[in-house]
Amino acid sequence: MIHKIPVLQRTFQLLITGVAVSCMITGCKTGGKTNYPPGIDHVIVIGVDGMSPDGIRKANVPVLKKMVTDGSVKWNVRTALPSSSSTNWASMIMGAGPEQHGVLSNEWEKDNASLPPVVRGEEGIFPTIFSVVHQNRPDAEIGAVYNWDGFGRLFEKKAVNYDHTFSTEDSTTTDFINYIKAKKPVFAFLHLDHVDHAGHHDGHGTPAYLAAIGKADSLIGKVLDGVKAAGIEDNTLIIVTSDHGGKGYGHGGATIEEAEIAMFLYGKGVKKGYEIPEEVYTYDLAATIAFALNMESPYAWIGRPVKSAFEGFSVPANLWKGKKLIASPVISPAPHLYQQAGGLYIDTPATVEIISVANRSTIRYTTNGSEPDSSSKEYKSPFRLDTTTVVKARSYDSEGNESPASAAYFRVLKSGGGNGLNTILYEGTDWKRLPVFENVKPASKWVSHEFNIDQEQVNSMVSKGKDNFGVVFNGFLEIDQPGQYTFYLQSDDGSNLYIDNKEVVNNDGGHGVIEAAGAVQLGKGKHAIRVEYFNGFGGFWLDAYYKGPEIPRQIIPANKLFLKN
């Protein structure tokens, strides 16, 4: 006898079946329970401070390449702002941004925070993944071994069984491996700091910086070997990530170079050869760890687990389908440290080459400083420039996605025209701000072509071991068309710009590379221009830009600067 199921009942059964299948794929709640990836008993996180995606791509990293082939990767994880270490390590382990946890800078301490966390635990800080694991599994082994001792103030001490810091990346890694072998922790975090040191000391993207990333890769390989030796390889998830990238000798700003990092997931339950399509933020790390360990995230967290990286879980159904950004083309001569793409060419034309980074993309470019679009001239081969020009380029792929515009500043100068700036170097005495240079004895004098500082030249002039110095540039700026002009100073540390002895830009004080701007009405003709600069300590940089009527923003060109009126 065949029993017919009423249509409404049959529809309801199909609906329930569909929901069950969907939950198996995406991890939703049915009957009060959330579906989690099975079989992950251990999570190991390796955080490498200051390791940028661009640096990873350029460095010798066989271990990370294997993790990409045999695991999942997200190349453009967005950091919290500012792109500083404390703010982002806190965001990563606290599952939230600085607006929630209150760690706003590297100067943060829980007893003197200007912005208290929206919720705190018994140790007075926003809840971290360490305390979440501890509360869910009080008997679980939890540990942290870190190269930068500042990491230790960001998590709850009572939540961990093992808490140690070491002065070198090698000793830190060795202790961490020994800990894994001895205790087989449910959750453990390794922090390495040497790549960030190389970025600050030698500059991001330099051979020394790339070598430091290569060293990190070898240490990651040793940790993987340690996990295998501990006998937990088959049920361990390993995540490798960073807190920020860098630009020049620093970080903390809101640029792609500083505010994007990569995240690698590898091991138990992870899809192989998978590039994660959904947007990921540094604060999603904690939620992903909790998800892997079958634990619910605290309501206070805003981070979301990166579910699609795990087998059996699909891309979020509500993933935004709009256009995505692709990688920008590189205009050669390429940027280096803080130095912009392009360059100064004296008595010789410039050759411009534009290199595509995005796969299967077309490059469109302009040579007047305007923003390129899909109708701009297509780049096919290198070309020459005989005059000062701002070149901009953008990549387009077959799906209609486009890149941010790249810009390069080509300054072409013919000698013998009286161009230049009178430049004076002063040695400092623990300056924190720009001094009154008229009261300081000059140490050296020369003629510069532009408002920038040749590091090798200055280092050879100042007394050995003295970072504190100042430089003053004096000359005349030729204005061809009257109107309002805006001037910009980018400097590390302080700088001011004066036109006709009136202050237009104030960027004074001790700081990393930041920009300040000011505007002034100028008539046709030559105007006295002066830039004062000082370096407090460490690395130094200076660039001066302007824009005006029919003049796009650009480095103030050498052919418009003169020694005399």
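Of note:
- Residue match in region 245-258 (condition: crowded, with 21+ Cβ neighbours inside 10 Å, among the hydroxyl-bearing types (Ser, Thr, Tyr) and not in a loop (DSSP other than H, G, I, E, B)): no
- Residue match in region 389-407 (condition: closer than 30 Å to Asp467 by Cβ and either part of a loop (DSSP other than H, G, I, E, B) or in contact with a strand residue (DSSP E or B) (Cβ under 7 Å, 6 or more places away or on another chain) (or both)): no
- Verdict on Val160 being out of contact with any Phe, Trp or Tyr (no Cβ under 7 Å at 6 or more places or on another chain), hydrophobic (A, V, I, L, M, F, W, C) and on the phi < 0 side of the Ramachandran plot: no
- Annotation note: of Ala300, Ala292, the sole residue that is of a type in the set (Gly, Ala, Ser) and either buried (at least 21 other Cβ atoms within 10 Å of the Cβ) or in contact with a strand residue (DSSP E or B) (Cβ under 9 Å, 6 or more places away or on another chain) (or both) is Ala292.
- Scanning region 105-124 for residues that are touching a Leu at 6+ places or on another chain (Cβ under 9 Å) and within 26 Å of Val195 (Cβ to Cβ) returns a single hit, Trp108.
- Test: Tyr365 is more than 11 Å from Arg394 (Cβ to Cβ), touching a residue at least 12 places away in the same chain (Cβ under 8 Å) and part of a strand (DSSP E or B): no
- Matching option when the condition is within 28 Å of the chain's Cα centre (by Cα), over 15 Å from Asp49 (Cβ atoms) and assigned by TED's automatic domain parsing to the domain that holds His244, among Thr206, Thr173: Thr206
- From Glu438, Glu353, residue being closer than 26 Å to Ile529 by Cα, without any contact (Cβ under 8 Å) to a residue 60 or more places away in the chain, among the charged types (D, E, K, R) and not in a loop (DSSP other than H, G, I, E, B): Glu438
- For region 96-108, the tally of residues that are of a type in the set (Asp, Glu), at pLDDT 95 or above and in contact with a helix residue (DSSP H, G or I) (Cβ under 9 Å, 6 or more places away or on another chain) stands at 0.
- Qualifying positions in region 83-95 - touching a helix residue (DSSP H, G or I) at 6+ places or on another chain (Cβ under 8 Å) and either surrounded by fewer than 24 Cβ atoms within 10 Å (Cβ to Cβ) or of a type in the set (Ser, Thr, Tyr) (or both): Ser83, Ser85, Ser86, Thr87, Ser91
- Residue count for region 399-414 under the criterion of being out of contact with any Ser or Thr (no Cβ under 8 Å at 6 or more places or on another chain) and at pLDDT below 95: the result is 3.
- If you go through region 303-324 and keep only what is basic (Lys, Arg) and modelled with pLDDT of 95 or more, you end up with Arg304, Lys307.
- Test: residue in region 473-487 that is in contact with a Ser or Thr (Cβ under 9 Å, 6 or more places away or on another chain), at pLDDT 95 or above, farther than 21 Å from Gln521 by Cα and surrounded by 14 or more Cβ atoms within 10 Å (Cβ to Cβ): yes
- Residues (within 28 Å of the chain's Cα centre (by Cα) and either farther than 28 Å from Ile346 by Cα or loosely packed, with under 12 Cβ neighbours inside 10 Å (or both)) located in region 375-393: none
- Residue match in region 114-134 (condition: in contact (Cβ under 8 Å) with a residue 24 or more places away in the chain, under 29 Å from Gly231 (Cα atoms) and surrounded by fewer than 14 Cβ atoms within 10 Å (Cβ to Cβ)): no
- Annotation: Val472 fulfils all but one of (1) in a strand (DSSP E or B); (2) within 29 Å of Lys392 (Cα to Cα); the unmet one is (2).
Each row is one residue, and each column tells you yes or no for (1) surrounded by fewer than 19 Cβ atoms within 10 Å (Cβ to Cβ); (2) without any contact (Cβ under 8 Å) to a residue 40 or more places away in the chain; (3) touching a strand residue (DSSP E or B) at 6+ places or on another chain (Cβ under 8 Å); (4) not assigned by TED's automatic domain parsing to the domain that holds Phe264.
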| residue | (1), (2), (3), (4) |
| --- | --- |
| Ile142 | no, no, yes, no |
| Gly150 | yes, no, no, no |
| Ile177 | no, no, no, no |
| His194 | no, no, no, no |
| Leu210 | no, no, no, no |
| Asp234 | yes, yes, no, no |
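- Taken over region 441-493, the criterion of being among the polar types (S, T, N, Q) and either in contact with a Lys or Arg (Cβ under 9 Å, 6 or more places away or on another chain) or touching a residue at least 24 places away in the same chain (Cβ under 8 Å) (or both) is satisfied by Ser448, Asn452, Gln455, Ser463, Asn468, Asn474, Gln481, Gln484, Thr486, Gln490, Ser491.
- The strands (runs of 3 or more DSSP E) falling completely within region 515-565 that include 3 or more residues that are touching a Lys or Arg at 6+ places or on another chain (Cβ under 9 Å) map to 541-548, 551-555.
- Checked against (1) under 18 Å from Ser85 (Cα atoms); (2) among the aromatic types (Phe, Trp, Tyr); (3) part of a helix (DSSP H, G or I), Phe176 meets all criteria but (1).
- For region 266-318, filtering for residues that are in a loop (DSSP other than H, G, I, E, B) and of a type in the set (A, V, I, L, M, F, W, C) leaves 11.
The values are calculated or read from the model by the stated rules, or taken from the named source; none is laboratory data. None of these values were measured; they are calculated from a predicted model. Because the Cβ atoms are built from the backbone with ideal geometry, glycine has one as well, and the counts that use them run over all protein chains shown.
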